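Take a look at the structure set out below.
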Amino acid sequence: MVLDRILLFSTRAAPLPAIPPPGIVMQSIRCPGTMPPVTGPWSGPAIFFRHIARYHLTFQIASYGKFLHLPVARACCTTAGMFTVLQRFAWPLFFCLLCWATPGLASGGGYRPPQDTPLLGIRILHALPHDPLAFTQGLCMHDGKIYESTGRYGESELRVLDAASGKLLRRRALPNDLFGEGLTLVGQRLLQLTWRSGRVLFWQAPSLERIGEARLPGDSWGLAAGPDLLYRSDGSATLQRLRPHDLQPAGSLTVHDQGHEVRQLNELEWVNGRLVANIWFEDVLAVIDPVTGQVQAWVDLSPLRPLLWPDAGVANGTAWDGRNLYVTGKNWNKLFVLRIPNAPWDP
């Protein structure tokens, strides 16, 4: 299994699995996602080790294959090649084993979501093409168009995509000193967060004409618009409520699952009276009661991972069209249209 993964990253030639028929509900055996959300006092170190285990190992394997320009299996056929492989992968493999061998550290004190919190499968309706260079930070929909905020300094943009084809229709670059983050729509005005600059950019939809900005102190990750309030995440377990007309604070909401705080809340979407949140470094969505903060269900996105290209990053970006959920992630090459059976937002 490890060798297969190494070959996949080193050669970039292995075909991706076919998209399953729409009638099949996909769900991982593990609950929820590939790993549980990180909570508790060890959340900082756990996120660090998990990042090393998932992404540093991928980078090492990919760079090794590009450096030698031949499959790792061929390198392993010689003594020198085997020594090089072991030497290069020693630290990444050590961190992988540490994360999986110490579940208490990896999950912040051994916390697993309670069994009475439902884990929902997904039904894939369509898989649209998505720019794999897009570092997706925010997603929302309006009038058959998908609006996307992308991040990274010097690369951040606001984009308009066609919801039927995924085709890029329009884009606007942000100043090089701004890092694009969450995105939502209030009326015909798009509100785009920036990470640590304390600025919210206002754009006219669908023309993407810049129409102003406002100050919003603190870290900004995700943004969603409810009927009366906005909700902003900053990577903690607490969402800030904001008044949509002036972005002034209107209270806060702590997200929890049966008494355990759920941290690393990232991109947000309002779906029929519920908040849906990505969890940083997790292939899972939390469905949140916006009044109590209780997680009512988890949506398992891990079955999407084998359908993506090897360089796909974390799941980040959800949009709702009134019936289906659009899901993508950072540097994902696909944007999925999903149906979630038995979701809490169903009538």
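Here the Karplus curve 6.51 cos²θ - 1.76 cosθ + 1.60, taken at θ = phi - 60°, turns the phi angles of region 197-213 into couplings of 8, x, 10, 10, 9, 10, 10, 8, 9, x, 6, 6, 6, 6, 10, x, 7 Hz, with x standing for Gly and Pro. Computed from the C-beta positions of D116 and S252, the FRET efficiency with R₀ = 25 Å rounds to 0.45. Modelled this way, with points 7 Å down the Cα-to-C-beta line, the labels at H245 and R189 are 1.1 nm from one another.
Here the Karplus curve 6.51 cos²θ - 1.76 cosθ + 1.60, taken at θ = phi - 60°, turns the phi angles of region 304-316 into couplings of 6, 4, x, 8, 9, 6, x, 8, 5, x, 6, 5, 6 Hz, with x standing for Gly and Pro. Put simply, the amide H of K334, placed in the peptide plane, has neighbours under 5 Å in H130, leaving out anything fewer than 5 places away on its chain.
The string of couplings for region 141-157 from the Karplus curve (6.51, -1.76, 1.60, θ = phi - 60°) is 10, 6, 6, x, 10, 9, 9, 10, 9, 10, x, 5, 5, x, 10, 5, 9 Hz, one whole number per residue in order, with x for Gly and Pro. Under 5 Å from the amide H of D321 lie the amide H atoms of Y326, each residue being 5 or more positions distant or on a separate chain, with H modelled from the backbone and absent for Pro and chain starts. Within straight-line reach of K145, meaning a Cα separation under 20 Å, sit the following aspartates and glutamates at least 8 residues removed in sequence or on another chain: D131, E157, D162, E181, E209, E267, E269, D321. Compared with the alpha-carbon gap, the fully stretched path from R172 to V291 is longer by 39.3 nm at 0.36 nm per residue.
Residues in region 129-143 near a label at S165, defined as backbone nitrogen under 13 Å from the 7 Å Cα→Cβ point? Those under the cut-off are 129.
For a paramagnetic label modelled on L133 (point 7 Å from Cα along Cα→Cβ), amide N atoms under 15 Å away belong, within region 140-164, to 150-159.
Every number here is computed from the coordinates shown, using simple stated rules; none is lab data. Quantities reported herein were computed from a predicted structural model and do not represent experimental measurements. Here Cβ is always computed from backbone atoms with ideal geometry, including for glycine, and neighbour counts include all displayed protein chains.
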